[in-house]
Amino acid sequence: MLRNLQTGHEQRFDRVVDYMFSEKGNMLYFVKDELDSLHTAGVYAFSTADLKVMPIDTGKVTYKGISTDKAGEQLAYVATTDSTGAEIRYFNLYHWNKKDNKAVTLADTLTKGMPAAWMVSEHGNLRFSEDGRRLFFGTFPRPTRFEKDTTKLDEEKVSLDIWGYKDPLIQPMQLKQLSRDQKRSFLALYDLRGKKMQQLATLEMPDVYLDANGQADVALAVSDEKYKVTIGYDTPTRKDAYLIDLKKGTAKQILKETRGYPRLSPQGAYVYWYEPTDSSWHAMNTKGGANINLTKGIGQAFYEEDNDVPALPGSYGAAGWVEKDNAFLVYDRFDIWKLDPSGKKAPENLTDRYGRNNKLRLRYEQLDSEEKFIPADATLYLSAFNLTDKSAGFFRDHVSKTAQPEKLVMTPHGYTSLRKAKNSDRTTFRRGSFREYNDLYTSDLSFTNLEKLSDANPQMKDYLWGTVELVSWKSTDGIPLEGLLYKPENFDPKKKYPMLVYFYERSSDGIHNHRVPAPSASTINIPYFVSNDYLVFVPDIVYTEGYPGESAMDCIIPGVQSIVAQGFVDDKNMALQGRAGAVTRSPTW
């Protein structure tokens, strides 16, 4: 049902199984399912200006994957005429444009450029380039057909899974990923002006990435096929990367055995990645540039400094690219850095080390969900988290101005889901704490007048909820630690309370997380126990590689002893519960 929000006029379409609006809203495209011989399947277009329905293609058995260009004047879809119900059905790729009002076949098994014994995939994602000149779609190798044994009942047939040690993936992973692998498609390109198909992804290079608009002359292929056998004991998995020339149709290897995840910049000018082996961000110009280490000379760590698992630490992530691929914004533990991908300009601390100097973790908030790059003159809105008192809020900064970040709001809450209206400075976000549900709030971009919009859980006032506080102590090895102590409502320090201890890595930064009293896997329900007069202690654990059990004991026991020493714990009634896999063996009292 389509409703005009200004006039209230409604128009209904029956048997619709898929639909898509053009970006401008001028066209609505939809697919109808087959009902009977009089009501066949088809693809239709509806003009929201003149309220007319236009049939694009009818009579085929199944239509899938409709996609339109930015202007709403082209449509692509895959369809089949196979009505036999076979396990393997042959789909073709079709294209329609508003000007000619004619659907034509772009690709099938006989199309020039289609690899031998390959076919159009019904599971591929169809996508037009931003300028509408290219269409990307999926293909896959035609599966081998096997005759079914119809002489036996299913329960009489032998079911056997065979695995060899040279298989890329162990048998449980193969079975887990079976459905995904059966639906896997490989990216291909159709040049709508040159009327030419080009296969991009292959069995050797299955993952191909494009620039943000799909208009660059290069694509990036990343493959871990050679190294899958090492998954599980050699992490992060090694990968090779290749640049695909979309004009020449050639591929050139540019990286070998990287541990990072190479990607293309928004305009396709650079390949970039974080390399765990040297803890640095790298970039490479796609027009034959060298591999440039962008952060080596900064003298600041860009790897996760608190990493304590037996694997190379990852990065703190990136905020994104500035328009025209002129700069790349990445995070250290506290601040944001502006990097020149060409390596010509010195790195710039965009937040002027304000985060590090004030123990604040500053991170970019993308207010426009469709943003492909950050404007060069953009005002940045940053989420902030204080690592000392665990308060949170928002700051403001700028891409091109030299100024310290400006504090907008900081409170003892957790903030999530910041969004901004398209045509005004009105924002919405969620704010909550252990005692406050994460309700919806609104404000302008100054965050001076917060207005609560929802009261999602009013029934909370009828229950004893409890409180939470940050506690600190030292491990057996003298390492400063933090943890969370949840206390019952109306806590009396002169009473003795039974205490539960829950452990799993580090949780103290989540002091303002709202916890819903509902069943959960592998964890205890903290609100339930606290509201029933229990203490709940959640200590942080710092692990020493190779000694998870001993590390847990060294952190948990001194923490428990520090709480018991305060005199309000019934030390005859304590219990311990931890996440499976957190340690190799649980500590004992």
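The values are calculated or read from the model by the stated rules, or taken from the named source; none is laboratory data. Only a predicted model underlies this, so the values are computations on that prediction, with no experimental measurement involved. So basically every Cβ, Gly included, is an ideal-geometry build from the backbone, and we count neighbours across all protein chains shown. What goes into the accessible areas is simple: the full protein's heavy atoms, side chains included, and nothing from ligands, DNA or RNA. Shrake-Rupley method; radii C 1.70, N 1.55, O 1.52, S 1.80 Å.
Annotation note: Cβ proximity below 6 Å between a residue of the stretch 442-468 that is open to solvent by 90 Å² or more (accessible area, probe 1.4 Å) and a residue that is assigned to a helix (DSSP H, G or I) (sequence gap 6+ or interchain) occurs for no pair. The sole residue among Leu160, Leu200 that is in contact with a strand residue (DSSP E or B) (Cβ under 9 Å, 6 or more places away or on another chain) and either without any contact (Cβ under 8 Å) to a residue 40 or more places away in the chain or open to solvent by less than 40 Å² (accessible area, probe 1.4 Å) (or both) is Leu200. What are the residues in the stretch 211-223 that are open to solvent by 20 Å² or more (accessible area, probe 1.4 Å) and within 14 Å of Asp131 (Cα to Cα), if any? Within the stretch 211-223, Ala212, Asn213, Gln215, Asp217 qualify. Against the test of being small (Gly, Ala, Ser), on the phi > 0 side of the Ramachandran plot and under 23 Å from the mean Cα position of the chain (by Cα), the options Gly288, Gly320, Gly314, Gly299 yield a single qualifying residue, Gly320.
Answer yes or no as to whether Ala301 is surrounded by fewer than 20 Cβ atoms within 10 Å (Cβ to Cβ), within 26 Å of Lys228 (Cβ to Cβ) and either touching a Ser or Thr at 6+ places or on another chain (Cβ under 7 Å) or among the hydrophobic types (A, V, I, L, M, F, W, C) (or both). Criteria not met by Ala301.
Listed here are the residues, each with its yes/no results for (1) assigned to a strand (DSSP E or B); (2) modelled with pLDDT of 95 or more; (3) in contact with a strand residue (DSSP E or B) (Cβ under 9 Å, 6 or more places away or on another chain); (4) of a type in the set (Asp, Glu).
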{"residue": "Ser369", "(1), (2), (3), (4)": "no, no, yes, no"}
{"residue": "Ala384", "(1), (2), (3), (4)": "yes, yes, yes, no"}
{"residue": "Leu408", "(1), (2), (3), (4)": "yes, yes, yes, no"}
{"residue": "Thr428", "(1), (2), (3), (4)": "yes, yes, yes, no"}
{"residue": "Thr442", "(1), (2), (3), (4)": "yes, yes, yes, no"}
{"residue": "Phe447", "(1), (2), (3), (4)": "no, yes, yes, no"}
{"residue": "Asp455", "(1), (2), (3), (4)": "no, yes, yes, yes"}
{"residue": "Met460", "(1), (2), (3), (4)": "no, no, no, no"}
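Scanning the stretch 78-91 for residues that are on the phi < 0 side of the Ramachandran plot and surrounded by fewer than 19 Cβ atoms within 10 Å (Cβ to Cβ) turns up Thr80, Thr81, Asp82, Ser83, Thr84, Ala86, Glu87, Ile88, Arg89, Tyr90. In the stretch 475-485, is there at least one residue being crowded, with 20+ Cβ neighbours inside 10 Å and either among the polar types (S, T, N, Q) or part of a helix (DSSP H, G or I) (or both)? Yes, the stretch 475-485 contains a residue that is crowded, with 20+ Cβ neighbours inside 10 Å and either among the polar types (S, T, N, Q) or part of a helix (DSSP H, G or I) (or both). For the stretch 382-398, indicate whether the set of residues that are of a type in the set (Asp, Glu), exposed (fewer than 13 other Cβ atoms within 10 Å of the Cβ) and more than 18 Å from Leu360 (Cβ to Cβ) is non-empty. Looking through the stretch 382-398, none of the residues is of a type in the set (Asp, Glu), exposed (fewer than 13 other Cβ atoms within 10 Å of the Cβ) and more than 18 Å from Leu360 (Cβ to Cβ). Could you tell me whether Ser472 is loosely packed, with under 15 Cβ neighbours inside 10 Å, part of a loop (DSSP other than H, G, I, E, B) and either out of contact with any Ser or Thr (no Cβ under 6 Å at 6 or more places or on another chain) or free of Cβ contacts under 8 Å to residues at least 12 places away in the same chain (or both)? Against the criterion (loosely packed, with under 15 Cβ neighbours inside 10 Å, part of a loop (DSSP other than H, G, I, E, B) and either out of contact with any Ser or Thr (no Cβ under 6 Å at 6 or more places or on another chain) or free of Cβ contacts under 8 Å to residues at least 12 places away in the same chain (or both)), Ser472 does not qualify. Taking first residues from the stretch 560-579 that are more than 15 Å from Asp540 (Cβ to Cβ) and partners that are in a strand (DSSP E or B) and open to solvent by 40 Å² or more (accessible area, probe 1.4 Å), the Cβ contacts under 9 Å between residues at least 6 apart in sequence or on separate chains come to Val564/Asp571; Val564/Met574.
Among what's in the stretch 486-511 and is part of a loop (DSSP other than H, G, I, E, B) and closer than 20 Å to Thr523 by Cα, pick the residue that is most open to solvent (accessible area, probe 1.4 Å). Restricting to residues being part of a loop (DSSP other than H, G, I, E, B) and closer than 20 Å to Thr523 by Cα, the top hit is Arg506. Every test in (1) within 27 Å of Gly320 (Cβ to Cβ); (2) touching a Lys or Arg at 6+ places or on another chain (Cβ under 7 Å) is passed by Gln215 save one, and that test is (2). Of the residues that sit in the stretch 147-157 and are of a type in the set (D, E, K, R) and farther than 21 Å from Ile88 by Cα, which one is most open to solvent (accessible area, probe 1.4 Å)? The extreme case among them is Glu155.
Scan the stretch 339-367 for residues that are part of a strand (DSSP E or B) and not aliphatic (A, V, I, L, M) and the total you get is 5. Is it the case that Pro587 is modelled with pLDDT under 95 and farther than 27 Å from Arg431 by Cβ? Against the criterion (modelled with pLDDT under 95 and farther than 27 Å from Arg431 by Cβ), Pro587 qualifies. If only residues of the stretch 341-378 that are open to solvent by 40 Å² or more (accessible area, probe 1.4 Å) and touching a helix residue (DSSP H, G or I) at 6+ places or on another chain (Cβ under 7 Å) are counted, the one that is nearest to Ala283 (Cα to Cα) is Phe373. Of the residues Glu23, Glu10, the single one that is charged (D, E, K, R), surrounded by 12 or more Cβ atoms within 10 Å (Cβ to Cβ) and more than 15 Å from Thr62 (Cβ to Cβ) is Glu23.
When Thr427 is tested against the conditions (1) open to solvent by less than 40 Å² (accessible area, probe 1.4 Å); (2) at positive phi, the lone failure is (2). Of all residues in the stretch 533-559, those being of a type in the set (Phe, Trp, Tyr) and either open to solvent by less than 30 Å² (accessible area, probe 1.4 Å) or touching a residue at least 60 places away in the same chain (Cβ under 8 Å) (or both) number 2. Tallying residues that are under 18 Å from Gly317 (Cβ atoms), open to solvent by less than 50 Å² (accessible area, probe 1.4 Å) and free of Cβ contacts under 8 Å to residues at least 60 places away in the same chain within the stretch 255-292 yields 14. The sole residue among Leu169, Leu178 that is of a type in the set (A, V, I, L, M, F, W, C), surrounded by fewer than 18 Cβ atoms within 10 Å (Cβ to Cβ) and in contact with a helix residue (DSSP H, G or I) (Cβ under 7 Å, 6 or more places away or on another chain) is Leu169.
Residue-level analysis places Asp377 outside the set of residues that are in a loop (DSSP other than H, G, I, E, B), within 21 Å of Leu264 (Cβ to Cβ) and not small (Gly, Ala, Ser).
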